[in-house]
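The values are calculated or read from the model by the stated rules, or taken from the named source; none is laboratory data. Values in this document were obtained by computation on a predicted structure and should not be read as measured data. A quick note on method: Cβ atoms are made from the backbone with ideal geometry, for glycine too, and the neighbour counts reach across all protein chains shown. Just so you know, the surface numbers come from the protein's heavy atoms only, side chains and all, with ligands and any DNA or RNA stripped out. Shrake-Rupley method; radii C 1.70, N 1.55, O 1.52, S 1.80 Å.
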Amino acid sequence: MGEALRQLPVASLLFDEAGELRRLINVFVDGADARGGRLLDEPLSADSEVRVVGAVAGGEPGEWL
């Protein structure tokens with residue numbers, strides 16, 4: 001699955017210079033969190049659903065839009 005993500009035009013936004021998934025990028029395969037496990041190394045099936053979600057961080061406490 002990680003190889004499929006590396007083929008995307010936005011791969012440089014997903015992976016750091018060492019080839020690791022960036023800290024604020026979350027990947028879910030068929031609803032299961034793919035971070036920290038072997039799911040990134042597993043092949044995808046034809047009907048797998050992959051969701052890439054960028055986490056939101058930063059800002060000032062108490063500052064709301």
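Computed from backbone phi with θ = phi - 60° and the Karplus coefficients 6.51, -1.76 and 1.60, the 3J(HN,Hα) list for region 27-36 is 10, 10, 10, 6, x, 9, 5, 8, 6, x Hz; x is used for glycine and proline. Here's how it looks for F15: its modeled amide H is under 5 Å from those of R22, which are all 5 or more places away or on a different chain.
Put simply, the amide H of N26, placed in the peptide plane, has neighbours under 5 Å in V53, G54, A55, leaving out anything fewer than 5 places away on its chain.
Loop only by DSSP, 10 or fewer other Cβ within 10 Å of the Cβ. Give me the chymotrypsin sites (Phe, Trp or Tyr not before Pro) in the chain that pass, ordered by residue number.
Values: sites: F15, F28, W64; in loops: W64.
Sparse-neighbourhood loop chymotrypsin sites (Phe, Trp or Tyr not before Pro): W64.
For region 1-46, GluC sites (Glu not before Pro) are listed when DSSP marks them as loop and at most 12 other Cβ atoms sit within 10 Å of their Cβ; the list is E17, E20. Ligands, DNA and RNA left out, the 1.4 Å accessible surface of the chain is 53% carbon and sulfur atoms.
Backbone geometry of region 4-11 corresponds, through the Karplus equation with coefficients 6.51, -1.76 and 1.60 at θ = phi - 60°, to 3J(HN,Hα) couplings of 5, 5, 5, 7, 6, x, 9, 4 Hz, x marking Gly and Pro. When the chain is modelled as a GNM with alpha-carbon springs shorter than 10 Å, which of R38, R22, R51 fluctuates the most? With Cα springs under 10 Å in the chain, the top fluctuation among R38, R22, R51 is at R38.
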